[in-house]
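Read the structure below first, then the notes.
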Amino acid sequence: MQRLSRDQYTTMLDPHLPAAITIASGEELLVETWDAYKGVWGADEIPPEAGPAAGPIAIRGAAPGDALRVDLLSIIPGSTAMHDVRAGRGFLGATFTQRRPTVMPIQDGHLLFPGGLRIPLRPSVGLIATTPSAAQQTASDSGPYGGDLDMQELTAGSTIWLPVFVPGGLLVLGDCHAVVGDGAVGGTGAECAAEITLRVTVEKELRLERPRAMTPDYFVTLASGPDVVQAMRQAVQDMVDFLVHEKKMEPYDAYTLLSLAGNVRMSRTLRSLSPVKMMLARRVFEQIG
């Protein structure tokens, strides 16, 4: 199995960047990732770069119009994680204006929170994207290519499908969290370095417009944009379309099912491009068709 070092990273999704590594469709790869701050966690320190993402990873044969199926086989976090409070970040950024990083050890499957609280780990990939045809930042940007999704459900055992916009796909990933809640209300998750084992497969001519995912518990359609309400509508419409076209459900039945067994959630908010997820429980989804 090939290994991609965390020292091979980018902070831009740029179609002109050379690939850090090239793999075959269906090949497994071990990827080392930095945390979102590249290990610079001190209260008086400024991270040298924002959003380091391992890659780009080129997949032989991937072409515009295809999709990359990325199976997350394992996610192993580092030995510590950090949550960062700072002015202007999170829901109460105007109230909590003092910079306060909280560094926490990881032991025996738990994050050790100050005061003796033990929070069960749920390692997830926060940033995963193909490269769009126009350059974008990795940090805090999201769109049809994926991006900074901060999706707590994207754990080991999950699969995400991402549209291909440029030859090779040029996949990047990083910004892993030892644990994170929906909204990341204090500004970040438990930011950590990680080692991720994944398998990437090219699905030809899928013509996927936006990401979708299958997690251990949910089937998910993802949308994002500057208008959160519109992004919600798009995520719901994408799920309805999938159920109608792929699962052959009657449109009104699909729409009704989502009202009864689905959830619309935001992974993070209060930024310009908020990712929205329409989630249908697998225990229901797997009964369809």
> If you take the beta carbon distance between ARG283 and ASP108 as r and set R0 to 22 Å, what does 1/(1 + (r/R0)^6) give as a FRET efficiency, to the nearest 0.05?
Replying inline: 0.15
> Can you tell me the Rg and Dmax of the chain, counting just the alpha carbons, in angstroms?
Replying inline: 18.4, 57
> Where is the GNM fluctuation largest for the chain (alpha-carbon springs, 10 angstrom cutoff): TYR37, TYR255, TYR145?
Replying inline: TYR255
>> Just to check I understand the Karplus step: with θ = phi - 60° and J = 6.51 cos²θ - 1.76 cosθ + 1.60, what whole-Hz values come out for segment 86-101, glycine and proline as x?
In response: 8, 4, x, 10, x, 5, 10, x, 7, 9, 9, 9, 8, 5, 9, x
> In vacuo Debye scattering of segment 126-220, one point per C-alpha: log10 I(q)/I(0) at q = 0.13 Å⁻¹?
Replying inline: -0.44
> How big is the gap, in Å, between the Cα center of segment 83-132 and the Cα center of segment 205-251?
Replying inline: 28 Å
>> Over the chain, what is the relative contact order in percent, taking alpha-carbon pairs closer than 8 angstrom and at least six residues apart?
In response: 23 percent
> If you take the charge dipole of the chain about its Cα centre, with +1 on Lys and Arg Cβ and -1 on Asp and Glu Cβ, which of PRO123, MET266, GLY143 is farthest toward its positive end?
Replying inline: MET266
> Taking amide H positions as placed 1.01 Å from N in the peptide plane, with prolines and chain starts having none, which residues 5 or more places from THR80, or on another chain, fall under 5 Å of its amide H?
Replying inline: ILE106
> Within the accessible area of the chain, what % is carbon and sulfur when the probe is 1.4 Å and the other protein chains stay in place?
Replying inline: 53 percent
> Taking segment 1-73, how much of its Cα-Cα pair set, in percent, is spaced more than 18 angstrom apart?
Replying inline: 48 percent
> Working from the pairwise distances between different alpha carbons, so that the mean of 1/r is found and then inverted, what is segment 197-289's Kirkwood radius in Å?
Replying inline: 14.0 Å
> For segment 76-122, what mean projected area does the convex hull of the alpha carbons give, in nm²?
Replying inline: 3.9 nm²
> Which order do PHE165, PHE219, PHE242 take when ranked by solvent-accessible area (1.4 Å probe, heavy atoms of all protein chains), largest first?
Replying inline: PHE165, PHE242, PHE219
>> Is the C-alpha gyration tensor of segment 1-122 telling us rounded, prolate or oblate? Criteria: a/c under 1.5 is rounded; beyond that, a/b larger than b/c is prolate, otherwise oblate.
In response: prolate
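The values are calculated or read from the model by the stated rules, or taken from the named source; none is laboratory data. All values derive from a computational prediction rather than experimental measurement. Reconstructed Cβ throughout: ideal geometry from the backbone, glycine too, with neighbour counts over all protein chains shown. All accessible areas refer to the heavy atoms of the entire protein, side chains included, with ligands and DNA or RNA removed. Shrake-Rupley method; radii C 1.70, N 1.55, O 1.52, S 1.80 Å.
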